[in-house]
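Enquirer: Can you read through this structure? Questions will come right after.
Here, each number is a calculation from the coordinates, and none is a lab measurement. Everything numeric in this text was worked out from a predicted model, so none of it was measured. Cβ sites come from the backbone with ideal geometry, for glycine too, and all protein chains shown count toward neighbours.
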C-alpha cells in the first residue's frame, strides 16, 4: 500500500469513529444518519457479518450472495472492519459493492 492510500485509509477510519461518536452524543446530521442506518441494515443482512465485524475468513460473490471459506474467482473477501464505525464513514464503502459512494458529489 502506498503512502497516499495509507493516508486515505487513516481518514476513512477517523471519519467513521468521529461520526460514530457524534451519533452517540446526539450531534449527528439527520440526513447522514439515514444513510448510515441504511448501511447498517445492509450489513446486518450480509452473511459475512460476524458480530460487529466483517469476517475476513469468508468470501462472498456479490452477484449470487454465495459464500465460500476459500478464495474463488469473482468472490470478495470480508474486510475485517469494525462495522459500527465503517458504516458511519462518509469515505468508506463495502468491498463487495453493497453500499458506498452516497456522499460523493
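Enquirer: Can you give the alpha-carbon Rg of the chain over 2.2 N^0.38 Å, where N counts its residues?
Expert: Against the compact-globule rule of thumb, the ratio is 1.10.
Enquirer: I want to make sure I understand the PRE zone here: with the label point 7 angstrom from the Cα of residue 68 toward its beta carbon, which residues in the range 13-57 have backbone N atoms less than 19 Å away?
Expert: 47-49, 55-57
Enquirer: How large is the helix-only mean residue ellipticity at 222 nm for the chain, computed as the sum of -39500 (n - 2.57) over DSSP H runs with n ≥ 4, divided by its residue count, in deg cm²/dmol to the nearest 500?
Expert: Mean residue ellipticity, 222 nm, calculated: -13000 deg cm²/dmol.
Enquirer: Relative to the longest principal axis of the C-alpha atoms of the chain, give the angle of the C-alpha long axis of helix 30-45, reported between 0 and 90° and rounded to the nearest 10°.
Expert: With rounding to tens, the tilt is 20 degrees.
Enquirer: With a point put 7 Å past each Cα toward its Cβ, work out how far residue 27 is from residue 4 in nm, to one decimal.
Expert: My value for the distance between the label points is 3.2 nm.
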